[in-house]
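What follows is one structure encoded as C-alpha cells, with my remarks underneath.
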Amino acid sequence: MVTSEFLLLSAFVLDLIVGDPRCMPHPVRGIGWLALQTEELLRRTAQPLLLAGILAVLVVVGGSAGIAGLLVE
C-alpha cells in the first residue's frame, strides 16, 4: 500500500525533475491572466477601490470555480 507521505515526496521529486513545461497551458496561468485583465479593466472605471476589489474577486474566483465545476461535471 502506498502511503500519503510517499505520494507527496514522489510528486515533489517529479516536479523538481520535470517542472512545468512552458509548451503546455496551465490553469493557474489562465487565472493570473484573467486577474490582470480584470484589474486593468476595473482601474479604468471610476469605481471605488473596495467595490472594484469585490468585483474582481467575484469575476476571478467565480469564473475559475464555474469553469472547474463545468469540467468536473
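Bear in mind that the values in this text are calculations on the coordinates, not laboratory data. Quantities reported herein were computed from a predicted structural model and do not represent experimental measurements. With ideal geometry, Cβ positions are generated from the backbone for all residues, glycine too; neighbour counts draw on all protein chains shown.
Report, by residue number, each residue of the range 31-63 that is touching a residue at least 24 places away in the same chain (Cβ under 8 Å) and among the hydrophobic types (A, V, I, L, M, F, W, C).
Within the range 31-63, ILE31, LEU34, ALA35, VAL59, VAL60 qualify.
Please enumerate the residues belonging to the range 43-73 that are among the polar types (S, T, N, Q) and closer than 19 Å to HIS26 by Cβ.
Residue satisfying the conditions is SER64 alone.
When the residues of the range 1-51 are narrowed to those that are basic (Lys, Arg) and surrounded by 10 or more Cβ atoms within 10 Å (Cβ to Cβ), which ends up farthest from SER64 (Cα to Cα)?
ARG43
Show me the helices (runs of 4 or more DSSP H) found entirely inside the chain where at least 3 residues are touching a helix residue (DSSP H, G or I) at 6+ places or on another chain (Cβ under 6 Å).
27-43, 49-72
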